[in-house]
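The values are calculated or read from the model by the stated rules, or taken from the named source; none is laboratory data. Every value quoted in this text rests on a predicted model; they were computed, and no experiment measured them. Counting neighbours? That spans all protein chains shown, and the Cβs are built from the backbone with ideal geometry, glycine included.
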Amino acid sequence: MADWQVFLEKHQETFKAELLDFLTIPSISSLKEHTQDVANAADWVAARMQEAGIEQVSIMQTGGHPVVYGQWLNAPDKPTVLIYGHFDIQPVDPLELWHNPPFEPVIKDGKVIARGATDDKGNMLVPILAVEALLKTEGSLPVNVKFLFEGQEEIGSPQLPSFIEGYKDLLACDLVLSADGGQWEPKQPALWVGLRGLCALQINVKGANSDLHSGSYGGVVQNPLHALVELLASMRDSKGNILVKGFYDDVRVLSQEDRERIAAVPFNEADYKKALELNELFGEEGYTPYERGWARPTLELNGIWGGFQGEGIKTVLPNEAHAKISCRLVADQDPKDILERLKAHIKEHTPPGVSISLELDESTADPYLMPADHPGNKVASDVLEQLYGKAPLYVRAGGSIPFCSLILEQLGVYTVVFAFGLRDEKAHAPNEFFRLSSFELGQKAYCMMFHKLGTTTAEDLRSL
């Protein structure tokens, strides 16, 4: 057994206690009352990085929530790897569904339960511990390593683009490893080669200058709720095809090889429907469920409101109505272009008798797609196969990690998603948890990954 393995085994109880301490910080980036908690989490991360032996650790301001940077650059002629993760978390509502308070972490049945356990505090702590194990047993690392941990991923990383632009030299690297993400199943590894992008907006429909008596004004003036429903219905047909002009123009067509890789991922439709308590799935014809969820764009209505919501009947024409829409985007779609197409569609299809105002969400995310045969994926595949005893699946995610597309666009460097959360761990939901077995496996995996990357060159990793 390698010395770093002995070190990891010896210190697991300490590492677990540290993870529990980290999880007590309510670093919810979307709520202003927790701004200081996000800063406190940055302090915690910086202190733990310094303890691990990481150098030049600093908390850097972004104009929003901070980032934490650190480095160890004492491996001449070796590649430089940037480790990414985030220490901000989602809100905890609905609180009544938690079995224990979300910031009083508990360990039960081999799982640590708390908000942020899997997304992303448990996962992002893993590479710090791996670096500590190597430095304290071998005295050095096999590669040069930089760290960038952010405190705003859960709100779309709004200040990160300008931050990266301003610190390109500091962040320069040959490969990124994301500690945000996961594996497929406890005994089945995966490489995540694609992430969908995101854009969103709110539609506000205004009618008369007040609510109106439906008997006096019904049939005389436009009802904002009816107008909104008509407008929304114009955006998508009954089979899920998006009707916004030009929406699909830039969508990258799935190659036969892409479809074969997706088809290789096991999918049981009956079990899938049973788990969701549905009798049918829905979506574009001609695509499998995973193809639709991973490699096809969407336009979804996330919320709609207006008018009387109370018990009984109120015969009124409301004077306003609202809806929130989000679009998941795929390679090569541009979120800003899609928002412009949505604006044009809304203008063209607004029914008469109402006015429309739009609120565009500034936190967009570009879609991300990495070549499956990228050298970084090949290295990660070797490590995962050695760990799990089987080759990883090549999968995509329906969600977004804005950093992956940002770093590719600004630095020309691809990101290998190398994390160990699992799909059933209730990320963003009550009773979120992280398996301690994954916490330990991830530490071992990162040590192996660093050693494997140390046998490559910067030119190898940048060859695509």
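Of note:
- In the range 420-428, the condition of being surrounded by 23 or more Cβ atoms within 10 Å (Cβ to Cβ) and either under 15 Å from Asn123 (Cβ atoms) or assigned by TED's automatic domain parsing to the domain that holds Gln333 (or both) is met by at least one residue.
- Failed criterion for Arg396 (all others in (1) farther than 28 Å from Phe267 by Cα; (2) within 17 Å of the chain's Cα centre (by Cα); (3) among the charged types (D, E, K, R) hold): (1)
- Of all residues in the range 106-135 being crowded, with 24+ Cβ neighbours inside 10 Å, part of a loop (DSSP other than H, G, I, E, B) and not hydrophobic (A, V, I, L, M, F, W, C), the one that is nearest to the chain's Cα centre (by Cα): Gly116
- Leading residue by the ranking (nearest to the chain's Cα centre (by Cα)) among those in the range 25-38 that are surrounded by fewer than 16 Cβ atoms within 10 Å (Cβ to Cβ) and touching a residue at least 40 places away in the same chain (Cβ under 8 Å): Ser30
- Residue check, Asp180 acidic (Asp, Glu), within 22 Å of Lys336 (Cβ to Cβ) and part of a loop (DSSP other than H, G, I, E, B): no
- When Phe434, Phe439 are checked against the criterion of being in a helix (DSSP H, G or I), in contact (Cβ under 8 Å) with a residue 12 or more places away in the chain, out of contact with any Lys or Arg (no Cβ under 6 Å at 6 or more places or on another chain) and closer than 16 Å to Leu125 by Cβ, a single residue qualifies: Phe439.
- Cross-chain or 6+ apart pairs with Cβ under 7 Å, the range 158-181 first and farther than 24 Å from Ala130 by Cβ, then among the acidic types (Asp, Glu) and surrounded by fewer than 17 Cβ atoms within 10 Å (Cβ to Cβ): Pro158/Glu362
- Pair list, Cβ under 8 Å, 6 or more apart: the range 316-336 residue assigned by TED's automatic domain parsing to the domain that holds Pro224 and closer than 16 Å to Gly399 by Cα, other residue of a type in the set (Ser, Thr, Tyr) and assigned to a strand (DSSP E or B): Ala331/Tyr368
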